[in-house]
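Shown next, in structure tokens, is the structure this report addresses.
The values are calculated or read from the model by the stated rules, or taken from the named source; none is laboratory data. Being a predicted model, the structure only gives us computed values, none of them experimental. Reconstructed Cβ throughout: ideal geometry from the backbone, glycine too, with neighbour counts over all protein chains shown.
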Amino acid sequence: MKTKKFILPEQEIPTAWYNILAEMKNKPLPMKNPKTGQPMKEEDLYPLFSRAASHQEMNDTDAWIEIPEEVREMYKIWRPTPLVRATGLERALDTPAHIYFKNESVSPVGSHKLNSAIAQAYYCKQEGVTNITTETGAGQWGAALSMAAKHFGLELAVYMVKVSYNQKPYRRSIMETYGAEVIASPSMSTRAGKDIITKNPTYQGSLGTAISEAVELAMTTPNCKYVLGSVLNHVALHQTVIGLEAEKQMQMAGEYPDVVIGCFGGGSNFSGISFPFLRHNLAGNAETRFIAAEPESCPKLTRGKLCYDYGDEAGYTPLIPMYSLGHNFAPANIHAGGLRYHGAGSIISCLKHDGLIEAMDIPQLETFNAATLFARAEGIIPAPESSHAIASAIRCALQAREEGRRQVILFNLSGHGLIDMSAYDSYFAGDLNNYQVPDSEIARNTAPLQSL
Ligand SMILES: *Cc1c(COP(=O)(O)O)cnc(C)c1O
């Protein structure tokens, strides 16, 4: 029988997101207020986030949360996204495994980030907020939020990590096209930025620093909220639209995944593809493996410490119970800018600790080998971030070949790499390196943080 390559998208976009918090037997510890050491309450988050996002962040009772109609309308621009059988990649690897990928790169901004950006901008608008602020690494989150902010008539200021601001100028152009203001971080426009520039004038920035700047702006500007693109529970919630669609599409293909893979920065796309399938593991009806693929140069899940840590460099955010490399960790300037974050988010950290998910760390050169193979086999040039998931899927498919095992592998293609071609140029020129983080650096960075 000839295999069907494209699994036709379901006509119906899901009407509710899946909230895994409600169904976890072991729940994550609460976030803590760094000043009082007390668990954060929903109201404590109101100064920073919209009320709806604050409520979703803490909601551990409702397994299904309705997607507002205005958000579903926007989703219709590009959702449902295709589920694709990677027949070209299977042939190239000569593997008995069946490889599928969910193609989130078809969104107007080229990544999965729009799924949460639209929801968060919508809630801000609903609540009468006029200005929003955020950080961005490689620029995908900033691009997504710029589009969403414009749609809902919000003013947006984006702090973009300096190394990416210079490496990826077109992402800045995209944000400006949608009407956002983009500031290279660290900047002199905030106290957090000034402090770090004073200490280290050539610092190329990190997501942790950019978050400090955005949070500071939100806290000091009237009617301004801060919006985050990863790590937090409500962001993971919005991304479950990916896995819920994939679940129906896998059904149409007559298969169920043995392995589900997502690349890992703060956890939003990995959570999005995984949680809807993981719910069947939690219910005892499946034994799927879940693999978070992170960079060797930023190995929070494989080598970080489970502790309470700040979400940002300056220590403005609540303390989050998570696997962390320490909030002062300065990752190497790898091209997968969206994966250069020090921590892992509390749901993922709890699932990892309980052995319900696994993590794999992957060297930069292996990710570009995988990306090139994938582009030539499947025709899509993947984002450097997504290439971590591809490399991990390839490892699994090669193992299946060795063991002569038919295995169904599903990975999330979180974005395309068409605006990351300078990274590919460096790879072809032989200018890319692997960066292993020394144990001593991780130990030094996490020493002040108490293990959980
Ligand atoms: C931001 C981004 C990531 C990493 O973020 P997560 O929250 O871990 O998903 C991965 N891939 C792409 C394309 C991104 O834009």
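Details
- The residue that is farthest from SER268 (Cα to Cα), among those in the range 78-115 that are away from the ligand (no atom under 16 Å from the Cβ) and small (Gly, Ala, Ser), is ALA92.
- Among the candidates ASP309, ASP420, residue that is surrounded by 24 or more Cβ atoms within 10 Å (Cβ to Cβ) and modelled with pLDDT under 95: ASP420
- Sole exception among (1) within 30 Å of SER422 (Cβ to Cβ); (2) away from the ligand (no atom under 13 Å from the Cβ); (3) touching a strand residue (DSSP E or B) at 6+ places or on another chain (Cβ under 6 Å); (4) among the hydrophobic types (A, V, I, L, M, F, W, C) for LEU325, by number: (3)
- Residue in the range 401-414 that is in contact with a Lys or Arg (Cβ under 7 Å, 6 or more places away or on another chain), in contact (Cβ under 8 Å) with a residue 12 or more places away in the chain and within 15 Å of the ligand (Cβ to nearest atom) present: yes
- ALA236 being part of a helix (DSSP H, G or I), within 14 Å of the ligand (Cβ to nearest atom), of a type in the set (A, V, I, L, M, F, W, C) and farther than 30 Å from THR87 by Cβ: yes
- The criterion of at least 3 residues that are out of contact with any Pro (no Cβ under 8 Å at 6 or more places or on another chain) and surrounded by fewer than 21 Cβ atoms within 10 Å (Cβ to Cβ) is met, among helices (runs of 4 or more DSSP H) falling completely within the range 339-404, by 364-378, 386-403.
- Counting only residues that are more than 13 Å from the ligand (Cβ to nearest atom), assigned to a helix (DSSP H, G or I) and not aliphatic (A, V, I, L, M), the range 129-163 holds 4 of them.
- Every pair of residues 6+ apart whose Cβ atoms lie under 9 Å, when the first sits in the range 17-41 and is surrounded by 18 or more Cβ atoms within 10 Å (Cβ to Cβ) while the second is charged (D, E, K, R) and assigned to a strand (DSSP E or B): TRP17/GLU66; MET40/LYS32
- If only residues of the range 253-274 that are touching a His at 6+ places or on another chain (Cβ under 8 Å) and not in a loop (DSSP other than H, G, I, E, B) are counted, the one that is nearest to SER105 (Cα to Cα) is ASN269.
- Search result, residues across the range 111-128 that are surrounded by 24 or more Cβ atoms within 10 Å (Cβ to Cβ) and not in a helix (DSSP H, G or I): SER111, HIS112, LYS113
- Selected residue (only one of VAL241, VAL231, VAL260, VAL227 is closer than 21 Å to ILE394 by Cα and either away from the ligand (no atom under 16 Å from the Cβ) or surrounded by 22 or more Cβ atoms within 10 Å (Cβ to Cβ) (or both)): VAL260
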